[in-house]
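The values are calculated or read from the model by the stated rules, or taken from the named source; none is laboratory data. Note that the structure is a prediction, hence the values are computed from the model and not measured. Heads up, the Cβs are rebuilt from the backbone with ideal geometry, glycines too, and the neighbour counts pull from every protein chain shown.
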Amino acid sequence: MPAMECPNENITFWLYTRSNKDNPHQIMANVPESIKKAPWVKDSQVKVLIHGYTGYKDFSPNTEIRPAYLECCDYNIISVDYNPITREPCYYESARNTELVGKCLAHLIDVLVESYQFKLSLFHIIGFSLGGHVAGFVSNFLKSGKLERITALDPALPLFVTTDVTRKIDANDAKFVDVLHTNALEKGKLETCGHVDHFANGGMNQPGCKATEQQTYSGCNHARAPVYYAESITSNIGFYGTKCYSWITYLIGWCELVGSSTEVIFGEHVPRNASGIYFFSTNSKSPYARGKNKKSRT
């Protein structure tokens, strides 16, 4: 494991805005000019995207979510790249390195807030797979306050089965934590982790997924998480989940018997006062959202 020192040469940060969407600007916490000369969109939200195992800045969730944000809104998008310390076949080391990545991201945010007058309330961290736990580790090191929002997309299961909440994503890591589950009990966690946990199609397997030469069946289910989230940013109908008491209650078909008809939209536009566990279904191909009218899957 690399030394727990930040900045770290293995972890880089890249700013994308509408003005430089094809030419990212590298931000370095210890190089003032890299921050001062960056094409920031003043007083706009800062969306931070964090990849998972074997990823990099132009890998999921960046490839799905970054274009959607730049289409909809004039935001600052920071893509975290820690590829040098999350390469195959070293999953064990990659999982351990999530703490270092979280520490260095916290360091960058502290520098932006304390030295360059960024508002902490503008930061929203979105992590996929291992990146979901990176987002959780940020809160362990952040000195400038508590994050406004973290979104964890199918946070990784292997090596994150623990009762120690400081070693995984949980609801204490930000003022609002929303979580999506798409491949529970395989690559992703079944355990509820946020103020709001959405389970797509039951949270384990996704309609339309199949094994290919490029991707396993499990990998396809896992990868749907950033795809659904990206669609939620610009969808006209949205993904609406119905509240249920627990995953087991859903599994045995008792949600309607013991639950309510409360529906909450999943994704970018989830209400910040929402809480609990929700289940939504999707179509088997894009567009995946089915809105409030629960038609049969297509």
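So here's what we get for this one:
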quantity	calculated
Meets criteria (of a type in the set (A, V, I, L, M, F, W, C) and more than 23 Å from the chain's Cα centre (by Cα)) for Ala3	yes
Of residues in region 4-35 being of a type in the set (A, V, I, L, M, F, W, C) and in contact with a Leu (Cβ under 9 Å, 6 or more places away or on another chain), the one nearest to Gly55 (Cα to Cα)	Ile11
Test result for Thr242, farther than 25 Å from Gly55 by Cβ, surrounded by 18 or more Cβ atoms within 10 Å (Cβ to Cβ) and among the polar types (S, T, N, Q)	yes
Residue match in region 240-262 (condition: under 22 Å from Cys209 (Cβ atoms), within 19 Å of the chain's Cα centre (by Cα) and of a type outside the set (S, T, N, Q))	yes
Candidate set from region 84-124 (those that are polar (S, T, N, Q) and within 21 Å of the chain's Cα centre (by Cα)); member that is nearest to Ala174 (Cα to Cα)	Ser121
Lone qualifier among Leu180, Leu120 - being of a type outside the set (S, T, N, Q) and touching a strand residue (DSSP E or B) at 6+ places or on another chain (Cβ under 6 Å)	Leu180
Filtered residues of region 175-193 (kept if farther than 18 Å from Ala156 by Cβ and surrounded by 17 or more Cβ atoms within 10 Å (Cβ to Cβ))	Phe176
Check on Ser246, over 19 Å from Gly132 (Cβ atoms), at pLDDT below 95 and not basic (Lys, Arg)	yes
Single residue of Leu70, Leu105 found to be under 20 Å from Asn8 (Cα atoms), assigned to a helix (DSSP H, G or I) and touching a residue at least 40 places away in the same chain (Cβ under 8 Å)	Leu105
Candidates Tyr75, Tyr69, Tyr16 - the one that is farther than 17 Å from Phe118 by Cβ and of a type outside the set (D, E, K, R)	Tyr69
Residue under evaluation Phe176, criteria (1) more than 28 Å from Met28 (Cβ to Cβ); (2) without any contact (Cβ under 8 Å) to a residue 40 or more places away in the chain, criterion not met	(2)
One residue from Thr282, Thr249 being surrounded by fewer than 18 Cβ atoms within 10 Å (Cβ to Cβ) and polar (S, T, N, Q)	Thr249
Meets criteria (without any contact (Cβ under 8 Å) to a residue 12 or more places away in the chain and either hydrophobic (A, V, I, L, M, F, W, C) or surrounded by fewer than 18 Cβ atoms within 10 Å (Cβ to Cβ) (or both)) for Val165	yes
Checklist (1) within 17 Å of Gly267 (Cβ to Cβ); (2) in contact with a Lys or Arg (Cβ under 9 Å, 6 or more places away or on another chain); (3) surrounded by 23 or more Cβ atoms within 10 Å (Cβ to Cβ) applied to Ala156, failing item	(1)
Considering residues of region 194-230 that are without any contact (Cβ under 8 Å) to a residue 60 or more places away in the chain and in contact with a strand residue (DSSP E or B) (Cβ under 6 Å, 6 or more places away or on another chain) only, the residue surrounded by the most Cβ atoms within 10 Å (Cβ to Cβ)	Gly194
Region 112-170: number of residues that are of a type in the set (A, V, I, L, M, F, W, C), modelled with pLDDT of 95 or more and in a helix (DSSP H, G or I)	10
